[in-house]
1. At residue 47 and residue 22, where each label point lies 7 Å from the Cα along Cα→Cβ, what is the point-to-point distance in nanometres?
2. Within a 10 angstrom radius of the beta carbon, how do 64, 59 rank from fewest other beta carbons to most?
3. Filter the trypsin sites (Lys or Arg not before Pro) in segment 13-78 down to the DSSP loop ones having no more than 14 other Cβ atoms within 10 Å, then list what survives.
4. Assign unit charges at the C-beta atoms only (+1 for Lys and Arg, -1 for Asp and Glu), then state the dipole size of segment 17-56 relative to its Cα centre in Debye, rounded to the nearest 20.
5. Which FRET efficiency value, to the nearest 0.05, is calculated for residue 33 and residue 69 with the Förster distance at 22 angstrom and r the Cβ-Cβ distance?
Amino acid sequence: MKHNKLLHTTNKLPGLLSDLADIQLKVKALSPLSDVEKAKLDQSFAIEQLYNSSKVEGTQLTDTMIEHAIYGRQFSSS
């Protein structure tokens with residue numbers, strides 16, 4: 001059974017590599033991000049990583065708590 005799974009995965013490899021190459025070409029064709037766009041993207045990744053890691057660890061961070069952790073201050077609810 002393991003042999004069949006390996007063979008099935010191996011048969012998919014050329015197609016997956018071709019898909020990866022196509023995606024890399026599309027990414028290279030995109031215009032570069034501005035410094036502001038890059039900072040926003042980095043911040044978004046950091047927030048997502050904090051949120052997801054808190055869920056994996058079993059903590060119950062809310063969006064407000066995450067903002068407090070990221071920005072170092074509390075936001076009003078209004």
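Readers should treat all values here as calculations from the given coordinates under stated rules, not as data from a laboratory. Just so it is clear, the structure is predicted and the values come from calculations on it, not from any experiment. Every residue, glycine as well, gets a Cβ built from its backbone with ideal geometry; the counts of neighbours run over all protein chains shown.
1. Between residue 47 and residue 22, the simple spin-label model gives 3.3 nm.
2. Working: 64 12, 59 9.
Going from least to most buried by this count: 59, 64.
3. Numbers: sites: 26, 28, 38, 40, 55, 73; in loops: 73.
Sites meeting the loop and neighbour criteria: 73.
4. Values: 5 positive and 6 negative charges, 8 e Å.
Magnitude of the dipole: close to 40 debye.
5. Values: r = 25 Å, r/R0 = 1.12.
With R0 = 22 Å, the Cβ-Cβ based efficiency is 0.35.
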